[in-house]
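Asks: One structure is given below, represented as structure tokens, and several questions about it will come after.
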Amino acid sequence: MLDGYNREIQYLRISITDRCDLRCRYCMPPGGVPPLRHADILSYEEIIRLARIFSGLGIRKIRLTGGEPLVRQDVPRLVQGLKAIPGVESVFMTSNGILLGDCLPQLVQTGLDGVNVSLDAVDREVYYQICRRDCLQQVLRSIDRALACSLPLKLNCVPNRWNRRQIVPLTRYAMERDIPLRFIELMPIGEGKNADGLSEAQVKDLIAEGIGPLTPAPDHDPAYKCRYFLTPGGGKIGFISALSHKFCRGCDRIRLTANGFLKACLQYDARIDLKPLLRETDETIRQAIAEAIRSKPQGHHFGLSPKQGDESGRMSQIGG
Ligand code: SAM
Ligand code: SF4
């Protein structure tokens, strides 16, 4: 359906847990955050029911996220349930990759359409410095296994002051394996408010210096959230630059948190609680969701002074 600014909302990000096995500096404090009680998070049956209602309102693409989605048990069962919903054309996942290798066969079997793996460094020390866990080898193994079973794969990196010298090695790593690598500008949400991100321009300079200048890819679309470029060797590099290239005008997404809150915009605290509505009819839920979509804000104001009503939670609680 269209929101109040004529944007077609067709993409739903579902955070299925707020728990995570990493503590990335820009996302989680070193000691973690008190997790939601199991009783407070949506069951898979509840998520599937809601997804069916969302699909009736025009949602076509779903992405599972977290926290780390794969720390929750039996995710393939959820993927299977979502894939069976009429109107849902694709189900993707964003994962830190640690547990991915082990559940790949089931995920592929249930029809998962692809995975974005977050990878901020290919050097063990730097990875540890950023993610605070010594897990790089597991992630790299999962990437190899995903490639081996031909699951569509992309890499996500949040460039920051700790992995500055990893931008070129990461780009080479992705190029050698023919995996698109996307750089996501660090957003000032939660721990991200105190982290030091690199801009798209800084990353482009580093790649130009180490590998060569980037040129727009054939599918480069300046209005799209992720704009793709090619390295001289043909590597595909994307930029998702909420700060330096604001893309709210083309925003087509909404977010469901693990405890059942629907958020129409990442930056604002505003959300509606769908959990109590689960006792009501599908039509009542549909109307509440439609109202939230209609009142989706026009855009964020990252980079300007904070305002009352800005998001006070953390990225791990929202799902990125
Ligand atoms: N745990 C999974 C992962 O890391 O891929 C999924 C959840 S994580 C919140 C989703 C994405 O958000 C990751 O790619 C992560 O790097 C990104 N992210 C986390 N905090 C961020 C921030 N402050 N600004 C920009 N991206 C952020
Ligand atoms: Fe966990 Fe993902 Fe946040 Fe890192 S970015 S702490 S992996 S939720």
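The values are calculated or read from the model by the stated rules, or taken from the named source; none is laboratory data. Values in this document were obtained by computation on a predicted structure and should not be read as measured data. The area values use the complete protein model at the heavy-atom level, side chains included, leaving out ligands, DNA and RNA. Shrake-Rupley method; radii C 1.70, N 1.55, O 1.52, S 1.80 Å.
Asks: Please compute the length gained on full extension between VAL108 and GLN137, using 0.36 nm multiplied by the number of residues separating them and subtracting their Cα-Cα distance.
Replies: That works out to 8.3 nm of additional length.
Asks: When DSSP assigns beta bridges and you keep just the ones with both residues in the chain, what percent turn out antiparallel, to the nearest 5?
Replies: 35
Asks: Still on this structure: Which aspartates and glutamates does LYS193 reach when only Cα atoms under 14 Å apart count, and residues fewer than 8 places away in its own chain are ignored?
Replies: GLU185, ASP310, GLU311
Asks: Give me the compactness ratio for region 224-320, meaning the Cα radius of gyration over 2.2 N^0.38 Å.
Replies: 1.32
Asks: I'd like the distance between the alpha-carbon centres of region 108-150 and region 226-268, rounded to an integer number of Å.
Replies: The distance from the Cα centre of region 108-150 to that of region 226-268 comes to 20 Å.
Asks: Still on this structure: Just to be sure I understand: if I project the alpha-carbon convex hull of region 2-78 onto a plane and average over all orientations, what area do I get in nm²?
Replies: Taking a quarter of the hull surface, the average projection is 6.6 nm².
Asks: Right, another one. For region 1-109, give the share of DSSP beta bridges that are antiparallel, in percent and rounded to the nearest 5; count only bridges with both residues there.
Replies: Expressed as a percentage, antiparallel bridges in region 1-109 total about 10.
Asks: Do any of LYS61/LYS236; LYS236/LYS296; LYS204/LYS246; LYS83/LYS246 go past 26 Å between their Cα atoms, and which?
Replies: LYS236/LYS296; LYS83/LYS246
Asks: Determine how large the accessible area of GLU8 is when every protein chain is in place; take a 1.4 Å probe and give Å² rounded to the nearest 10.
Replies: Here the residue's solvent-accessible area equals roughly 90 Å².
Asks: Residue by residue, what Karplus-based ³J(HN,Hα) values in Hz, rounded to whole numbers, does region 151-158 have, using 6.51, -1.76 and 1.60 with θ = phi - 60° and x for Gly and Pro?
Replies: Those phi angles translate into 6, x, 9, 9, 10, 10, 10, 9 Hz.
Asks: Also, I was wondering about something else. Would you check the accessible area of LYS246, probe 1.4 Å, heavy atoms only, in square angstrom rounded to 10?
Replies: In the full protein context, LYS246 sits at about 110 Å².
Asks: Quick one: which residues, 5 or more positions from ARG19 or on another chain, have an amide H under 5 Å from its amide H? H modelled 1.01 Å from N in the peptide plane, none for Pro or chain starts.
Replies: The answer is GLU68.
Asks: Using helices alone, what [θ] at 222 nm do you get for the chain, with -39,500 (n - 2.57) per DSSP H run of 4 or more residues, divided over all residues and rounded to the nearest 500?
Replies: Value at 222 nm, helices only: -8500 deg cm²/dmol.
Asks: Would you tell me the accessible area of ASP221, worked out with a 1.4 angstrom probe on the heavy atoms of the protein chains, in Å² to the nearest 10?
Replies: Approximately 70 Å² of ASP221 is accessible to the 1.4 Å probe.
Asks: Moving on. Over region 1-121, with every protein chain in place, what whole percent of the accessible area is carbon and sulfur at 1.4 Å, could you tell me?
Replies: 50
Asks: In whole Å, how far is the Cα centre of region 74-100 from that of region 5-33?
Replies: Here the answer is 16 Å between Cα centres.
Asks: Restricting to region 166-320, what percent of DSSP beta bridges are antiparallel, rounded to 5?
Replies: 75
Asks: With the Cα gyration tensor of the chain in hand, convert its eigenvalues to equivalent ellipsoid semi-axes via √(5λ) and list them largest first in whole Å.
Replies: Working from the Cα gyration tensor, I get semi-axes of 30, 22, 20 Å.
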